[in-house]
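Enquirer: Before we start, here is the structure in question, set down as structure tokens.
Read-outs: derived from the displayed coordinates by stated rules, not from any lab. Please read these numbers as outputs of a predicted model, since none were measured by experiment. Glycine also receives a Cβ, built like all others from the backbone with ideal geometry; neighbour counts cover every protein chain displayed.
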Amino acid sequence: MKVQVVAATFVVTAISVAAATAHAQGAAISVPQTPPHSYAGASFGSPIAFGADWGAVGVGVFGQTLPDEFNGQQVSDDEDFDGSAALVVGLGDADRYAGLEVAAVTTSLTGSGDLSGQNDSDEFGESGGLSFKLHTNLPGGAAISAGVIGTSRWGEAEDQNESSVFANASKVFAIEAGARRLALVTTIGVGDGLFTNSIDDDGVNVFGSAALYFTRNFSVIVDHSGRFTNVGASVAPFRGQPLVLTLGAVNVGERFGSDAQFGGTLSYTFSF
């Protein structure tokens, strides 16, 4: 399994929250809702149930430092950094019926990051896959979704990785902190493949995340993808512009003999 395929969940999720309908976060954080909406990230590795629907197109990148070893095998030392890039398109109407989020992800930016112990020769755009998420918004600032990550693969990703299926639910909770009103965005789900607790992708496992919003433009995140625990902070630095930057530590539990690594996502969503 390559690190870039795990990275695909990061970049698609980063775009999901940027492109998602604003009703849930707006219900919990008392701020003017003037489009385009700018919200910090709600997860750092796990998919959220909110997503893009008609009129939203997002682009994003994820980058991560690479460990020296993973699962007892040496990682390719040609590069010390790699990641993924994605284009996400929203269809449907998640408020009235259901939205469909379609993502095309290239699973390599530099051609490095082979965690199988074999050489990796794919360059930018030469390997990747598609991801789909069907989602609907519920009353009370909640949503449910089901999807698949890494299907219809091409290039080296076709032979090295399997698709992962998941279902999840997200909800926003308002928190009164004195004179301030904060928000907590939580997600819980179950999935196979990349969400399992085994490097062999066997069985199914629970994943989830929690993001505390101090304002709609800044959040801190704890995320467990089912395989890795990650922590991060996210900011939408320009009010009214859906540009989202999330930085943090990946695999803080140092699983599979790997040290914790630095990672980040940068995404922007266009509203039509």
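Enquirer: Could you give the length gained by full extension between D95 and F218, i.e. 0.36 nm per residue of separation minus their alpha carbon distance, to one decimal place?
Expert: Details: separation 123, 0.36 × 123 = 44.28 nm, distance 2.48 nm.
Gain in length upon complete extension: 41.8 nm.
Enquirer: In what order do S38, S198 fall by count of nearby beta-carbon atoms within 10 Å, going from fewest to most? Intermediate values should be presented prior to the final figure.
Expert: Working: S38 21, S198 10.
Ascending Cβ contact count within 10 Å gives the list S198, S38.
Enquirer: Continuing with this model, one more query. Neighbouring Cβ atoms within 10 Å as the yardstick, rank Y97, Y268 fewest first.
Expert: Values: Y97 10, Y268 17.
The most exposed by this proxy come first: Y97, Y268.
Enquirer: Treat each spin label as a single point 7 Å out from the Cα along the C-beta direction, and report the E162 to F262 distance in nm.
Expert: Distance between the two pseudo-spin positions: 3.5 nm.
Enquirer: Show me, for the stretch 204-213, the HN-Hα J-couplings you get by feeding each phi into the Karplus relation (A = 6.51, B = -1.76, C = 1.60, θ = phi - 60°), rounded to Hz, glycine and proline as x.
Expert: Values per residue, Gly and Pro as x: 10, 7, 8, 9, x, 8, 9, 10, 9, 9 Hz.
Enquirer: Separate question: Sort T269, T151 so the one with the fewest other Cβ atoms within 10 Å of its own Cβ comes first.
Expert: On the way: T269 27, T151 14.
Fewest-to-most ranking of T269, T151: T151, T269.
Enquirer: Taking amide H atoms as placed 1.01 Å from N in the peptide plane, list the residues 5 or more away in sequence, or in a different chain, whose amide H sits under 5 Å from that of D95.
Expert: N137
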